[in-house]
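The values are calculated or read from the model by the stated rules, or taken from the named source; none is laboratory data. Small disclaimer: the values here were computed from a predicted structure and weren't measured. Heads up, the Cβs are rebuilt from the backbone with ideal geometry, glycines too, and the neighbour counts pull from every protein chain shown. Just the protein is used for accessible areas: all its heavy atoms, side chains included, with ligands, DNA and RNA removed. Shrake-Rupley method; radii C 1.70, N 1.55, O 1.52, S 1.80 Å.
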Amino acid sequence: MASGHRTVSVTETEVSNAKGSGLRGKLNKVVLAYSGGLDTSVIVPWLRENYGCDVVCFTADVGQGLQELEGLEEKAKASGASQLVVKDLKEEFVKDYVFPCLRAGAIYERKYLLGTSMARPVIAKAMVDVAKEVGADAVAHGCTGKGNDQVRFELTFFALNPELNVVAPWREWDITGREDAIEYAKKHNVPVPVTKKSIYSRDRNLWHLSHEGDILEDPAKEPKKDMYMMSVDPEDAPNQAEYVEIGIESGLPVSVNGKRFSPASLLSELNDIGGRHGIGRIDMVENRLVGMKSRGVYETPGGTILFTAARELESLTLDRETIQVKDSLALKYAELVYAGRWFDPLRESLDAFMEKITATTTGSVTLKLYKGSVTVTGRNSPYSLYRQDISSFESSQIYDQADAAGFIRLYGLPMRVRAMLEKGI
């Protein structure tokens, strides 16, 4: 077995040599993160064959689209699963995972708005809950041994229930590609999904859509126009700009154009608005947690609008030093989320700071959307630290320009002393 996950103990394996034992040991019941695609369809019989276990398939609805959820129960049972559990996690995902990252201003390596990184812990947490509900002693996922997601799933399992066994077939089995998987499926009478195989590896949720693979593996090549799915090409976007007003309370978005929405509904609304204007396309080469670089293209229309709005409102409500400290901690926050450490006390402590520091970040921001660009046109807050009577070039009773002379002399004293030393004064 590959290292990196807890294996079945020797005593369990010895006991399991009796009836019902699998090729690699014995587990009683495994909760599998299930999508209905070829890989997870093959994992079901593989788990039964290798661990002699009952398999409960689990699917989370995090906004990946209804077409991906259709006919799943039939597929799961045809693969050999005893049941399929589906949970709608959209509101929880946006409220408890997306919005805290937004409030923190968490962006990984200058560009990535953490779409996949935020979704894995909410799915893994639900898997731990389902394992408890059905009495499972193990969980399994279909992540490859090369990516970040295996870490994100398993760190969540460790944090929430360290007693669960974790099975990662891609780190154990001999299946090396699609053809091997199809052959295994046929051998075990598992219906092979007839969906057309995308040339890209994609991950979709309510926050974003990511694309990897094929032509994107060469960072010098431009993505094909027909690859994008959440946003129109900025060149084809409307010739008329659209204005959108985002209402924010204590760092969290609550309304669009004056209308209040639930977190998931608000994001969905902004995805529609941003998508038709070609907003939120990111093409980047990132450093994966496991050490390699990878090139990915991300579509995050609603998220890009929200990040812009939150940042602009903070320009009114936070002072200079607070913004600097918040920005520096946001880098660490993003790194922790990217690395799967959502339930780490450090991330939770940073979140408490972000919640406190944005308590007065309340107000509204008006943005202009036009052919891929988001431009701020107005900001408003009852807690604004901006004072027109002070900032104005007109005379002010609060700010006396003559005071600046003494301030500059004192502020510049270290530079002056150094120059005096160098000149022998």
Query raised in the report: Can you list the residues of region 163-193 with backbone N under 14 Å from a point 7 Å past the Cα of Glu74, pointing along Cα to Cβ?
Result: 191-193
Query raised in the report: Can you run phi through the Karplus equation (6.51, -1.76, 1.60; θ = phi - 60°) for region 241-248 and list ³J(HN,Hα) in whole Hz, with x for Gly and Pro?
Result: 5, 10, 9, 9, 10, 9, x, 10
Query raised in the report: Relative to the longest principal axis of the chain, what angle (0 to 90°, nearest 10) does the C-alpha long axis of helix 149-160 take?
Result: 90 degrees
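Could you pull out the trypsin sites (Lys or Arg not before Pro) across region 172-273 that fall in loop regions by DSSP (anything but H, G, I, E, B) with no more than 14 other Cβ atoms inside 10 Å?
Numbers: sites: Arg178, Lys186, Lys187, Lys196, Lys197, Arg202, Arg204, Lys221, Lys224, Lys225, Lys259, Arg260; in loops: Lys196, Lys197, Lys221, Lys224.
Of the trypsin sites (Lys or Arg not before Pro), the ones in loops of region 172-273 whose Cβ has at most 14 other Cβ atoms within 10 Å are Lys196, Lys197, Lys221, Lys224.
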Query - lysines with Cα under 18 Å of Lys356, excluding same-chain neighbours fewer than 8 positions away - result: Lys95, Lys326, Lys332
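What are the GluC sites (Glu not before Pro) within region 148-213 that DSSP puts in a loop, where the Cβ has at most 16 other Cβ atoms within 10 Å? If you can, show how the numbers build up before the last one.
Working: sites: Glu154, Glu163, Glu172, Glu179, Glu183, Glu212; in loops: Glu163, Glu172.
Listed in order of number, the matching sites are Glu163, Glu172.
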Report task. Straight distance only, please: which aspartates and glutamates reach the Cα of Lys225 with their own Cα at less than 20 Å, same-chain residues fewer than 8 apart left out? Result -> Asp203, Glu212, Asp214, Glu217, Asp233, Glu235, Asp236, Asp272, Asp283, Glu299
Requested in this report: Calculate I(q)/I(0) for region 205-263 by the Debye formula, one identical point scatterer on each C-alpha and no solvent, and give its log10 at q = 0.15, 0.28 Å⁻¹ to two decimals.
Outcome: -0.75, -1.16
Report summary line: Pseudo-spin-label distance Lys259 to Asp233, built 7 Å along Cα→Cβ, given in nm, is 3.1 nm
Requested in this report: Show the residues, 5+ positions off or on another chain, whose built amide H is closer than 5 Å to the amide H of Arg281.
Outcome: Thr300
**Report entry** Cut-off under 5 Å, modelled amide H: who pairs with Val254 long-range
**Finding:** Gly247, Ile248, Glu249
**Report entry** Note, ³J(HN,Hα) from phi for region 309-322, Karplus 6.51, -1.76, 1.60, rounded to Hz, x at Gly and Pro
**Finding:** 5, 4, 5, 5, 5, 4, 5, 8, 9, 10, 7, 4, 5, 4
Report summary line: Taking every C-alpha to C-alpha distance in region 33-134 and binning by 5 Å from 0, the per-bin percentages run 2, 12, 21, 19, 18, 11, 9, 5, 3, 0
Query raised in the report: What list of ³J(HN,Hα) couplings, whole Hz, do you get for region 370-380 from phi and the Karplus terms 6.51, -1.76, 1.60, once you set θ to phi - 60° and write x for glycine and proline?
Result: 7, 6, x, 9, 10, 10, 6, 10, x, 9, 8
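Could you tell me the relative contact order of the chain? Use alpha-carbon pairs under 8 Å, at least six residues apart, and round to a whole percent. Don't jump to the answer; show the numbers that get you there.
Values: 760 pairs, mean separation 70.5, N = 425.
Normalised by residue count, the contact order of the chain is 17 percent.
What number, in percent, do you get for the relative contact order of region 200-253 if the mean sequence gap of Cα pairs under 8 Å and at least 6 apart is divided by its residue count?
Numbers: 25 pairs, mean separation 9.7, N = 54.
The normalised contact order for region 200-253 reaches 18 percent.
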Query raised in the report: Quick one: what Rg and Dmax do you get for region 343-406 from the alpha carbons, in Å?
Result: 18.8, 53
Query - Within the accessible area of the chain (1.4 Å probe), percent carbon and sulfur - result: 51 percent
Query raised in the report: Given H placed 1.01 Å from N in the peptide plane, which residues other than close sequence neighbours of Val167 have an amide H under 5 Å from its amide H?
Result: Val139, Ala140, His141
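Quick one: plug the Kirkwood hydrodynamic radius of region 315-371 (C-alpha pairs) into Stokes-Einstein at 25 °C, 0.890 mPa s, and report D in µm²/s. Could you put the intermediate results ahead of the total?
Details: Rh = 13.0 Å.
Answer from the Stokes-Einstein relation: 188 µm²/s.
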Query - Nearest-ten-degree value, helix 345-357 long axis tilted from longest Cα axis of the chain - result: 30 degrees
Report summary line: So, with points 7 Å from each Cα along the Cβ direction, the Ser198-Thr375 label distance in nm works out to 3.3 nm
Query - Histogram of C-alpha separations across the chain, 10 Å bin width, % - result: 4, 18, 26, 22, 14, 8, 4, 3, 1, 0
Query raised in the report: Expressed in nm to one decimal, what extension gain is obtained for the pair Arg178 and Thr322 from 0.36 nm per residue of sequence separation less their Cα-Cα distance?
Result: 46.7 nm
Query raised in the report: Which angle from 0 to 90°, rounded to the nearest 10, does the C-alpha axis of helix 263-275 make with the longest principal axis of the chain?
Result: 80 degrees
**Report entry** Accessible heavy-atom area order of Ile279, Ile182, Ile323, Ile398, highest first, probe of 1.4 Å
**Finding:** Ile398, Ile323, Ile182, Ile279
Query raised in the report: With every protein chain left in place, what is the accessible area per residue of the chain in square angstrom, probe 1.4 Å?
Result: 51 Å²
Report summary line: Expected unfolding gain across Glu163-Glu91 under the 0.36 nm per residue rule, minus the alpha-carbon gap, is 23.1 nm
Requested in this report: Indicate the gyration tensor shape class of region 280-336 (rounded, prolate or oblate), computed on the Cα atoms with a ≥ b ≥ c the square roots of the eigenvalues: a/c under 1.5 is rounded; otherwise a/b larger than b/c is prolate and the rest oblate.
Outcome: oblate
Report task. Sticking with the crude label model, points 7 Å out along Cα→Cβ, report the distance from Met284 to Lys111 in nm, one decimal please. Result -> 0.7 nm
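Which pairs, out of Lys26/Lys90; Lys90/Lys259; Lys259/Lys293; Lys132/Lys186, put more than 30 Å between their alpha-carbon atoms?
Numbers: Lys26/Lys90 35 Å; Lys90/Lys259 20 Å; Lys259/Lys293 42 Å; Lys132/Lys186 33 Å.
In this structure, Lys26/Lys90; Lys259/Lys293; Lys132/Lys186 lie more than 30 Å apart at Cα.
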Requested in this report: Set the Förster radius R0 to 41 Å, insert the Cβ-Cβ distance between Glu394 and Ala352 as r into 1/(1 + (r/R0)^6), and round the FRET efficiency to 0.05.
Outcome: 0.45
**Report entry** Whole-angstrom gap from region 338-383 to region 283-302, using each part's C-alpha centre
**Finding:** 22 Å
